[in-house]
Structures are given as C-alpha cells and as structure tokens.
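Some notes on the structure that comes next.
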Amino acid sequence: MFSVGSDFSRGIGYVFKGIMGFWKRPRLWVYAIVPFICVKALFAVVSYYVMNSHVKPLVERLTAMISSWGMETLAVVAGFVVHWTAVIAFFLFMASITSMLFEMFGGVFFTYMVRRYEHIVYERPLDPPVTWRQDLLNTVGCVVYSVGTVILNIPLLLLGFVFPFFAHALAACFVGYRYGISYCAESGFNKGWSIALLQQRFAGRKAVLYGFGMMVFLLLMIPYISILLIPGFVIGGTILVNEEHRRA
C-alpha cells in the first residue's frame, strides 16, 4: 500500500517537474509558439465570423421585432442579454476545445521538443533510431488511442448531468490514466516502444501513471490557462518515462 501511495505521489510530482522543466528552458519555447499562434489565429477568425455572421444579425432582428411592438426599452434589454449570453456561451465552448486544438497543432512540434529535451538532459540522440514505418504506426496508434479516450469520455460527460461528482471522479480515474499514457507516448516512441509496450512497461507501477494522468486531468479543466501547461505535461511525461525506466 505504501508503495502504491509513493508511486501515485511521485506521478503527481512529474507533472510539476515537467512544467518547470519546460518554462525554465527558453530553447524549448519555440516548439510551443507556432501551435499557440495557430490556435489563437483560428480563435480570432472563428470569433469574428460567429459574432458578425450570426450573433449580430440575430440581435438586430430581435431588437427590431420588439421595437416594432413599441417596446424600445425591452428591445435594448433583450438585445443586451442575448448578445452577452451568446458571447459567454461561445467563449465557454472555445475554452472546452482549446486544449484539444493546441495538442492537434502541436503534435509534430512536440515530437521534436521531446527529442531536444532528452538530448539536453539525458544525452540521448536528437535523431533516435526510429524508422518511417515505426513513426507511421506510432502516429496511427496515438490517433486510435485518443479516439478511444474521447469515446470513453462521452458517457462520463452524460453521466455528469445526473451525478456530477461521481462522474468527475470516474473521469479523473479512467480518462486521467489515458492522459498519462498519451503524454508519455513520445518519449516511449523514442525508445522503440509502442503504446501497448509502454503500458506493459508500467504494468507493476500503474499508480505512477494514475497520479500523473489524474493531475493532468484536473489541470486541463482550467479554461485557457491549460494551454500554457500542455507543453509542460509533455515534458513531464518525458521525465516520467526516463526516470522510471532508470528505476526499473
């Protein structure tokens, strides 16, 4: 029991080691700048389109209709409420998918960021002996694993409408563990491991992955701020794989 608790807390620690490991090395920041700009540019374009093509016309039609009834004050109030309700709903929606978009745009960059970090800290080669076929299989494996995580999360989200605390606790456990695997994957690939082999390597120390993944799960729930933490999660997974590999 003590070993499990120790492994779990050590897994949590890797999250914060990763965040610090990323932010104290400016040479790693370049790998996050491009996907960050892509996400913000997409956000700006979508925001402009939604607000000007949908929200603004909706508010104008509503206020015009109410004004035609001779209720100018109600028209102003209704327009204000509808406008800001739409704005808040839109920004909440974008906040819920920002992390996913950042990871999508950052996929290739994070691969090279992990290799750079392992080269600096663990003196591993910048170009690990991974063939193009292995790279392709690893990419497909990541996509399939991520899709599985999304599918697993859907019933938990629905359950959250009925039993919010219970559903979030389940999601933290099951989805959090899968987050742990996902953020450790790149470092595992550099060692020639597949996702299945990565899980086998930690078969007796799953508590480490649970601690790491559950903390990542909780931090990803912070809207907008989480985008600044994701590169640190990737580095945290890299540290976890290398340090735990040494302990094995």
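The values are calculated or read from the model by the stated rules, or taken from the named source; none is laboratory data. In this text the structure is predicted, and so the values were computed from the model without any measurement. Cβ sites come from the backbone with ideal geometry, for glycine too, and all protein chains shown count toward neighbours. Accessible surface is based on the protein model in full, side chains and every heavy atom, while ligands, DNA and RNA are left aside. Shrake-Rupley method; radii C 1.70, N 1.55, O 1.52, S 1.80 Å.
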### Task
Keeping all protein chains in position, work out how much accessible area His245 exposes to a 1.4 Å probe, and write it in Å² to the nearest 10.
80 Å²
### Query
Is it possible to state the helix-based mean residue ellipticity at 222 nm for the chain, with each DSSP H run of 4+ residues giving -39500 (n - 2.57), the sum divided by total residues, to the nearest 500 deg cm²/dmol? What is it?
-29000 deg cm²/dmol
## Note on the structure
Taking a straight Cα-to-Cα line shorter than 27 Å from Lys206, and setting aside same-chain lysines fewer than 8 residues away, one finds Lys17, Lys191
### Task
Heavy atoms only, probe 1.4 angstrom, no DNA, RNA or ligands counted: give me Val130, Val4 ranked by accessible area, highest first.
Val4, Val130
### Query
Quick one: ranking Arg247, Arg115, Arg201, Arg25 by accessible area, 1.4 Å probe, largest first, what do you get?
Arg247, Arg201, Arg25, Arg115
### Surface accessible to a 1.4 Å probe, Asp127 within the full protein complex, Å²
120 Å²
### Query
Between Val50 and Ile222, what is the label-to-label distance in nm when each label sits 7 Å out along the Cα-to-Cβ direction?
2.3 nm
### Query
Excluding ligands, DNA and RNA, what is the solvent-accessible area per residue of the chain at a probe of 1.4 Å, expressed in Å²?
56 Å²
### Message
Straight-line reach only, C-alpha to C-alpha below 26 angstrom: list the lysines that Lys56 could link to, leaving out same-chain residues fewer than 8 apart.
### Response
Lys40
### Task
Taking a cut-off of 17 Å between Cα atoms, list the aspartates and glutamates near Lys24, but don't count ones fewer than 8 places away on the same chain.
Glu118
### Query
Share of the chain's accessible area from carbon and sulfur, percent, 1.4 Å?
73 percent
### Task
Can you tell me how much longer the chain between Ser6 and Phe166 gets when fully stretched, taken as 0.36 nm per residue apart minus their C-alpha distance, in nm with one decimal?
55.1 nm
### Query
If you rank Ile120, Ile239 by how much accessible surface each has, with a 1.4 Å probe, what is the order from largest down?
Ile120, Ile239
### Query
If ligands, DNA and RNA are left out, what is the accessible area of Arg61 with a 1.4 Å probe, given in Å² to the nearest 10?
150 Å²
